[in-house]
Amino acid sequence: MVIAVAALLPVVSVTPAQALPDGLALTPPMGFNNWNTTGCAVDEQLIRDTADIFVDKGLKAAGYEYVNVDDCWAEPERDADGRLQANKARFPSGIKALADYVHSKGLKFGIYTSAGTLTCAKTMPGALDHEDVDAQAFADWGVDYLKYDNCNNQGRPALERYTKMRDALKKTGRPIVYSLCEWGENKPWTWGADVGHLWRTTGDIKDNWAKMLQILKANAPLAPYAGPGHWNDPDMLEVGNGGMTTEEYRSHFSLWAMMAAPLLIGADLRKVSPANFDVLRNAEVIALDQDRRGVQARVLSNQDGHWVFAKPLSNGDVAIALFNETTSSATIGTTAAAAGLPRSAGYTARDLWAHRDLQTAGRISAVVPPHATAVYRVHAGGPWWRNAPLVSTGVEVVPSVPGVPGEITPAGQPFEVKVSATDEARVPVFDPRVTLTAPAGWHVEQVARPRAVVLGTGETAAGRWRVTPPAGTEGTTAALRGGVSYRALGFGQVTWSGEQQLTVPAAPPLTSAFASDLRWAAEKNGYGPVERDMSNGSIPAGDGKPLTINGVVYPKGLGAHAPSEVVFYLGGRCTAFTADVGVDDEREATNKQGSATFEVYADGVKAASTGVRTWQDPAVPLAADLHGAKYLRLVVTDGGDGNSYDRSDWASARLTCG
Ligand code: GLA
């Protein structure tokens, strides 16, 4: 499906917001906050060590400035004068001494409380009705940044609560960056600019791909509301915490920078790997975030998870990010004109992860690996002619069944692979060659080879191969390796190589079976993994409860969480799928939320579906004809209202086969 951008972006006409006239946060704040890595277990040693590392490891030089403490830093009781007191066990030196230490390093210090009676962790008092005394204490201690949360707010209006703290902070006379952590509940982007310097647009981030993606999708359409002194805040970074690959963290970091988000490191820097450290320290990507024009990138297009973002910069350059949300390598591209650059005979596209200047005649494209992001800073005019040509190179599996990820390649079934090079430069490249290496024992037959000896602007050299995984590879993963070489005048022989991972699914079922007793070929889920014979609890695997829909308990089935997709390889052996579907009762008593739709696809065809089912609805039976289908795909959507509490059960899900 191709989604037109117009359909994605709500039509917003926004009068440019008036930022607070205090000259703070003219670029998005950068720094650290402990919450994502420690939760409540924060102590002064972590904060001191982080300040040291900021200086010693070049993060301060890269622009990171605020070292911030989140929830749980105070004692449960105020002192005799009604002032907050630092937790004696974890902050024995007190907050003033800690702030002094951070300041001694040439850095700034931030703190946290909630616009409620208690903070979110409920271990310390909040500032509701104590705004003046708390703001004054913060100012006296030397606090430079306040994150003001939204828990335990007694149902009092957000605007009133957040404005009171704004005024209290102002009264102290100390410049304090004011971060509204209101989770987007009352559309703070419509009123936040003259209350604080940044506002959370969503609930909390988690250290996993699905959550990062969900937040990206909520924050991206809010671009018109951001600007110097008033920023959308899609929450703190997870880079380095271990729940995503370094490639995924590179995407997370690139996209947050494109969205002019605050860059608050959320990892324990004492433990972050060198590769993830390099992500956080990429000065050229940071420069996009910190550009003084302060424009949040707009989505130019999103086709089936292939995204193009563009961010105009203060010197007239435009940053372009090509983001691949999917699990298959894909060519993603745009033009300088579409990104708003002036006409020019040529452009310099600087690759901000490879740190190389390239030349293009106007198209900016890349074969983007799964979950990766290519970021270019594009400049119209000279001296583009000095640069190496931008040649888009990659290895891509040609998808054979619509909706089924191309990298699912059953044993004994031939599939097609392409290795290609496209010259986007003004100048030609010569002698393009492409190679493919498959695992030993796989059947490989080349079906097309590039014939051109010269590639002109916009021309592609592609090799195509028909590849067949042999019998015996069922249930394994493998990698295809592509190689490209060409000559570029003045740059000699250029070579590229890269991989696409493949999944050879388990053999198709021989007899009828419950879906939860089969191995699936691919799984995506909005919160933790899809569970077998239990509901989707939280992020850890296996932490659900018995599948329960409106009080009815089901011993068998899949526990999903929207947005979700599970793919089974059937190889044409099955005839029917049946299930009783509905939103699980798991969080119903407390939350009274949750809605989803259930869709069953046989190869590319929708074979059964429900309308929106809510937490109040009983299970409904679904039955789908699978005759001849190679694949079964079980899809859950969020029902159109975001995915909070959308625990969605495929109860008694069963395949008739054999
Ligand atoms: C809320 C906030 C988080 C964090 C915790 C602390 O969930 O949104 O960012 O501050 O509270 O308890």
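The values are calculated or read from the model by the stated rules, or taken from the named source; none is laboratory data. Keep in mind that what you see is a predicted model, and the values were worked out from it rather than measured. Every residue, glycine as well, gets a Cβ built from its backbone with ideal geometry; the counts of neighbours run over all protein chains shown.
Values for this structure:
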item	result
Residue tally, condition among the aliphatic types (A, V, I, L, M), surrounded by 18 or more Cβ atoms within 10 Å (Cβ to Cβ) and under 16 Å from ASN87 (Cβ atoms), over region 119-142	2
Residue match in region 74-86 (condition: under 34 Å from the mean Cα position of the chain (by Cα) and within 14 Å of the ligand (Cβ to nearest atom))	yes
Residues being crowded, with 19+ Cβ neighbours inside 10 Å, of a type outside the set (Lys, Arg) and under 16 Å from GLY266 (Cα atoms) - total across region 180-207	3
Residue check for LEU59: within 18 Å of PRO262 (Cβ to Cβ), away from the ligand (no atom under 16 Å from the Cβ), modelled with pLDDT of 95 or more and surrounded by fewer than 17 Cβ atoms within 10 Å (Cβ to Cβ)	no
Enumeration of residues in region 183-207 that are away from the ligand (no atom under 14 Å from the Cβ) and acidic (Asp, Glu)	ASP194
Given (1) assigned to a strand (DSSP E or B); (2) buried (at least 23 other Cβ atoms within 10 Å of the Cβ), index of the condition THR578 fails	(2)
Filter result (more than 32 Å from the chain's Cα centre (by Cα), within 16 Å of the ligand (Cβ to nearest atom) and more than 21 Å from ASP194 (Cα to Cα)) within region 120-133	PRO125
Residue count for region 291-321, restricted to those that are outside any strand (DSSP E or B) and surrounded by fewer than 19 Cβ atoms within 10 Å (Cβ to Cβ)	8
Members of region 618-646 found to be within 30 Å of GLY184 (Cα to Cα) and either modelled with pLDDT under 95 or in contact with a Leu (Cβ under 6 Å, 6 or more places away or on another chain) (or both), listed by number	ASP638, GLY639, GLY640, ASP641, GLY642, ASN643, SER644, TYR645, ASP646
Output for region 87-118, where each listed residue is within 12 Å of the ligand (Cβ to nearest atom), assigned to a loop (DSSP other than H, G, I, E, B) and under 19 Å from VAL177 (Cβ atoms)	ALA115
Single residue of GLY229, GLY240 found to be at positive phi, touching a helix residue (DSSP H, G or I) at 6+ places or on another chain (Cβ under 6 Å) and not β-branched (Val, Ile, Thr)	GLY240
Where TYR554 falls short, out of the listed (1) surrounded by fewer than 17 Cβ atoms within 10 Å (Cβ to Cβ); (2) touching a residue at least 24 places away in the same chain (Cβ under 8 Å)	(1)
Positions within region 135-182 being of a type in the set (D, E, K, R) and either within 16 Å of the ligand (Cβ to nearest atom) or not in a helix (DSSP H, G or I) (or both), in sequence order	ASP144, LYS147, ASP149, ARG156, ARG161, ARG174, GLU182
Long-range neighbours under 9 Å by Cβ, at least six apart or interchain, first residue over 19 Å from THR37 (Cβ atoms) within region 190-206, second acidic (Asp, Glu) and more than 12 Å from the ligand (Cβ to nearest atom)	HIS197/ASP22
Members of region 598-650 that are of a type in the set (Phe, Trp, Tyr) and within 21 Å of GLY572 (Cβ to Cβ)	TYR601, TYR631
Where a residue in region 611-625 is farther than 14 Å from ASP646 by Cα and its partner, wherever it lies, is hydroxyl-bearing (Ser, Thr, Tyr), with Cβ under 6 Å and at least six apart	VAL620/THR610; ALA623/THR578
All positions within region 208-235 that are within 16 Å of the ligand (Cβ to nearest atom), of a type in the set (A, V, I, L, M, F, W, C) and outside any helix (DSSP H, G or I)	TRP231
So GLY611, is it at pLDDT 95 or above, on the phi < 0 side of the Ramachandran plot, outside any strand (DSSP E or B) and touching a strand residue (DSSP E or B) at 6+ places or on another chain (Cβ under 8 Å)	yes
Test: residue in region 322-332 that is within 20 Å of LEU288 (Cα to Cα), surrounded by 22 or more Cβ atoms within 10 Å (Cβ to Cβ), in contact with a strand residue (DSSP E or B) (Cβ under 7 Å, 6 or more places away or on another chain) and small (Gly, Ala, Ser)	no
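Conditions (1) within 23 Å of ASN302 (Cβ to Cβ); (2) buried (at least 24 other Cβ atoms within 10 Å of the Cβ), marked per residue:
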site: GLU238; (1), (2): yes, yes
site: ASN241; (1), (2): no, no
site: PRO262; (1), (2): no, yes
site: LEU269; (1), (2): no, no
site: PHE277; (1), (2): no, no
